[in-house]
Amino acid sequence: MTNMKKENLIVLVGPTAVGKTDMSIELAQSFNGEIISGDSMQVYRGMDIGTAKVSKEEQRGIPHHLIDIKEPTEPFSVQEFQQRATKLIEEIGSRKKRPFLVGGTGLYVSSVIYDYQFSEVEEDNTYRQELEVFAKKYGNVALHEQLNEVDPKSYEQIHPNNVRRVIRALEIYHITGEPFGERGQQPPISPYNVSLIGLTMEREKLYERIDLRVDIMMEQGLLNEAERLYEAGVRNCQSVQAIGYKELYEYLDGKVTLEEAVTTLKQNSRRYAKRQLTWFRNKMDITWFDVTQEKDKMLQEIHQFVEGKLL
């Protein structure tokens, strides 16, 4: 019995604001590639500035997939992402192009690389409603702390404000007696021949870059973008739990000043970058490249790494 040749998959990950977009386009041009976005929020239409969505001009003719495929009121799950991305990898390969999976949402990227098996767990609507009432009465953080008691892994990976996912993780534990963070753990064997590239930089420099990017987003009209969603009645949706929107919603609700909202946005972005790096280092076998080194040298090193994997 002959072994099926594995499809090549080039994966580029890294924390927010590290420079994944530019690097992915340069590499895709070099390796005849098409890019699949591995970002859980770039799927939403009308959420361009806050998600740092690549513009048509920036794409430089490189096809990009899984961008602008959902309305902000629609849900989007890791399972749906995995199904769509897996199909796209096959389609891109059939065109004799190289698929690139690029993004910062660790769970989404891992689900494709390691072919996570998501077992279906039934729902317990009564228990779910109890948790929703608890969250309204005592707050998101108190609900999140409940998760820490039964499922520390999910507690680390799910933000307190993502109440929907916190409740689902608690519900799965309630039904199965097994922590969601322990379910479907796959050995790190991939169905693909993966070139796994990570972009990084010294932490303080990254944080400075994040703060600057928030300032630029505000200048570009992030507040107007959030106002459009707010006025369209997009509330209590997965999309506006994204960093950049939830903080400005607090301002639009009159709970904080704009200056306070922007300060919180910067702080949450830095914390998110830290969580991303923790995920990538704990969950993936990544070869890291420091983006602060001389660019041509870094590109040469990445080319050598990818070519070695492809051969």
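List of remarks:
- Checking each residue in the stretch 45-88 for being within 29 Å of Ser30 (Cβ to Cβ), out of contact with any helix residue (DSSP H, G or I) (no Cβ under 9 Å at 6 or more places or on another chain) and acidic (Asp, Glu) picks out Glu57, Asp68.
- 2 or more residues over 19 Å from Gln157 (Cα atoms) and β-branched (Val, Ile, Thr): qualifying helices (runs of 4 or more DSSP H) within the stretch 216-311: 258-283, 295-310
- Identity of the residue in the stretch 170-190, at pLDDT 80 or above and closer than 22 Å to Arg281 by Cβ, that ends up nearest to the chain's Cα centre (by Cα): Ser190
- The one condition in (1) among the acidic types (Asp, Glu); (2) within 25 Å of Lys96 (Cα to Cα); (3) part of a loop (DSSP other than H, G, I, E, B) that Glu26 fails to fulfil: (3)
- In the stretch 256-290, the residue that is surrounded by the fewest Cβ atoms within 10 Å (Cβ to Cβ) out of those that are of a type outside the set (D, E, K, R) and over 20 Å from the mean Cα position of the chain (by Cα) is Thr257.
- Selection status of Ala17, among the small types (Gly, Ala, Ser), closer than 28 Å to Leu299 by Cβ and over 18 Å from the mean Cα position of the chain (by Cα): no
The values are calculated or read from the model by the stated rules, or taken from the named source; none is laboratory data. Source: prediction; values computed, not measured. Quick reminder, even Gly has a Cβ in these numbers, built from the backbone with ideal geometry, and neighbours come from all protein chains shown.
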